[in-house]
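Here the structure comes first, spelled out in structure tokens, and everything after it is commentary.
The values are calculated or read from the model by the stated rules, or taken from the named source; none is laboratory data. Here the structure is a predicted model, which is why all the values come from computation and not from measurement. Here the Cβ positions follow ideal geometry from the backbone for every residue, glycine too, while neighbour counts run over all protein chains shown. Surface accessibility is based on the protein's heavy atoms, side chains included, excluding ligands, DNA and RNA. Shrake-Rupley method; radii C 1.70, N 1.55, O 1.52, S 1.80 Å.
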Amino acid sequence: MSKAENVIAAQPRSEFGDNASRRLRKAGFIPAIIYSRGKESIAVTLKTEEWQVAYAKKASLYTISVEGKEIPAIVKEVQFNHLKNYVYHVDFQAVDMAEEIHAAVALHAFGDCYGASHGGVLEQEVHELPVTCRPDALPDQIKVDVTNLKVGDALTVADLVLPEGVKVRGLEAGEIVFHVVLPTADSVAEGEGAAEPEAINEKKAEARAAEKAKK
């Protein structure tokens, strides 16, 4: 699996602390760090726009280019300020392309689920699959065909079609990943309950309008 298109340019970082990080972000950069097992970590900066383009691909493996050196790495953590809507730090984990790694791969359903279109509800129980493989075999995502699932049917870990060289770790073969169930009385009641506040507010508005009309 070629990852050549997932190259991120980075520059060494020598200033640290909150004030330095704020200056970087105002200048259009994101502070980041590359951790490496048995080696000293490398502090870098990323151009915000370039990082956004690269991360939007949701790739499993990136190549961080620092001063002519290319470091294969996976994203360990993206620290995000949800209130102000910006990324304030990125953590990478450098990997050895010759050794197996542990990673989590996103699972996505595809297909028009038969059971879901015949009164059932498609539920996903596992959203990220823990796997072991070499870095160059790590998929960006795993797509699961749910087209033929009927009400009462389930897909388990054992049913997943994995890329060559990828093994599931930490989950039992019989663990359910997707299944189709009938709507429960609780879910119906919740749906009805969710509409109640709106109806109450509507009645209050009508009462206020009536009072104003009397004046």
Answer yes or no: is there a residue in region 27-47 that is open to solvent by 80 Å² or more (accessible area, probe 1.4 Å) and farther than 24 Å from Ser14 by Cβ. no
Identify all residues within region 154-171 that are free of Cβ contacts under 8 Å to residues at least 24 places away in the same chain and over 24 Å from Glu99 (Cα atoms); write none if there are none. Thr156, Ala158, Asp159
Here are Val177, Val95: which of them is among the aliphatic types (A, V, I, L, M), open to solvent by less than 60 Å² (accessible area, probe 1.4 Å) and in contact with a Leu (Cβ under 6 Å, 6 or more places away or on another chain)? Val177
Residues of region 119-142 that turn out to be open to solvent by 20 Å² or more (accessible area, probe 1.4 Å), touching a Leu at 6+ places or on another chain (Cβ under 8 Å) and in a strand (DSSP E or B), as a count: 6
Mind checking which residues of region 18-51 are modelled with pLDDT of 90 or more, over 19 Å from Glu70 (Cα atoms) and among the polar types (S, T, N, Q)? Thr48
Quick one: in region 152-165, of everything that is open to solvent by 60 Å² or more (accessible area, probe 1.4 Å) and in a loop (DSSP other than H, G, I, E, B), which residue is nearest to Val75 (Cα to Cα)? Glu164
Need pairs with beta-carbon distance below 8 Å; first residue of a type in the set (D, E, K, R) and within region 63-90, second loosely packed, with under 12 Cβ neighbours inside 10 Å; sequence gap 6+ or separate chains. Glu67/Pro12
